[in-house]
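The values are calculated or read from the model by the stated rules, or taken from the named source; none is laboratory data. All values derive from a computational prediction rather than experimental measurement. Cβ placement follows ideal geometry from the backbone for every residue including glycine, while neighbour counts extend to all protein chains displayed.
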Amino acid sequence: MVKSFTLKHVVGALALGALLALPGLPPAQAAPAAQEFVTLGTGGVTGVYYPVGGAICRLVDKGRRAKEHNIRCTVESTGASVFNVNAIRSGDLSLGIVQSDTQHYAFTGTEQFKEAGPDKDLRALFSLQSEAFTLVVRDDAGIRTFDDLPGKRMNLGDPGSGNRNTLELLMKEYGWTPSTYKLATDLKPAEMAGALCDNKIDAYVYVVGHPNGSIQEAANTCGSHVAPVTGPKVSAFMKKNAFYPEAVIPGGMYKGTDQDVKTFGPRATLLTSASLSEDMAYEITKAVFTNLDEFKKLHPALEGLTPENMLEGNSAPYHPGALKYFKEAGLLK
């Protein structure tokens, strides 16, 4: 019985093989490659990170539709830089937009990452827009510069955000604490302009690319303007932290701010971890760089990007997939 069963199946297999070998029959179709998913953490929906992240995913999906790869990219609104770093570290995010200063602190295990320690698995893909430490104030608050903030009602920002971290580091340079202000709030970016115009706060800081929706809302809704952040203490702060270069917010961009405003600011960067495959890192980088003109049109903050300045401001090592593209494109040797 066993011999009969075995023989039958051997004969059947041989017959099937002969049938498949006949000329004119179509070859067996390979199973389609499985889709690979990446989630990109951004920031608040009124900020620049969210639409910039959407622009990156749009170009990645363009390549998928052209059958260049099988990566499906989705965007998630988050608490921004510090949140994104922690989520990349835990594996909850594949990618995140992170300020260059936050990237430095996370990789070296300093400042707010001192307790967690250095994350040597962080990998940079490329830099994005330059950002500006932007002080938005009510016209009637009597605030001419950053130095005038003591005793005022100040929004410190969303806890865990790179925006708040930058402010707290500058406050440390000044020797200030939350008690320096008459009131210190923890409002998220989407809440700041409303609070300013409702006269609940006198000022808020937003580290962001320009133009920005929240700042435009405040400018168009109530008497407000952007104030300069300069002076000896700011200069000393920038000297200690080379990833905070000078920045200028162009005059005329917002109602009530007619002249250029001097300040400083980091760069936004696209960060991931060593666990992202080389192929995926390569395709994501390629999608943006080979469609750079289109990318720059997707948000005004991206207009100043060049292939060269997109390789500035990173402290973490480049991901091998990004390096592969940069070498192919002649951007790095």
Can you pull out the helices (runs of 4 or more DSSP H) entirely within segment 120-234 that have at least 1 residues that are small (G, A, S) and under 30 Å from E283 (Cβ atoms)?
162-174
Conditions first: (1) hydroxyl-bearing (S, T, Y); (2) loosely packed, with under 15 Cβ neighbours inside 10 Å; (3) outside the structural domain of I71 (by TED's automatic domain parsing). T306 passes all but one, so which condition is the exception?
(3)
Of all residues being within 20 Å of G43 (Cα to Cα) and among the charged types (D, E, K, R) in segment 264-296, which is modelled with the highest pLDDT? Just the residue, please.
K296
Can you pull out every residue in segment 196-212 that is within 27 Å of the chain's Cα centre (by Cα) and buried (at least 17 other Cβ atoms within 10 Å of the Cβ)?
L196, A203, Y204, V205, Y206, V207, V208, G209, H210, N212
Output for segment 284-329, where each listed residue is of a type outside the set (A, V, I, L, M), under 19 Å from S94 (Cβ atoms) and assigned to a loop (DSSP other than H, G, I, E, B):
N314, P317, H319
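Per-residue answers, yes or no, for (1) in contact with a Ser or Thr (Cβ under 7 Å, 6 or more places away or on another chain); (2) surrounded by 17 or more Cβ atoms within 10 Å (Cβ to Cβ):
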residue: V137; (1), (2): yes, yes
residue: D140; (1), (2): no, no
residue: F146; (1), (2): no, yes
residue: R153; (1), (2): no, yes
residue: L167; (1), (2): no, yes
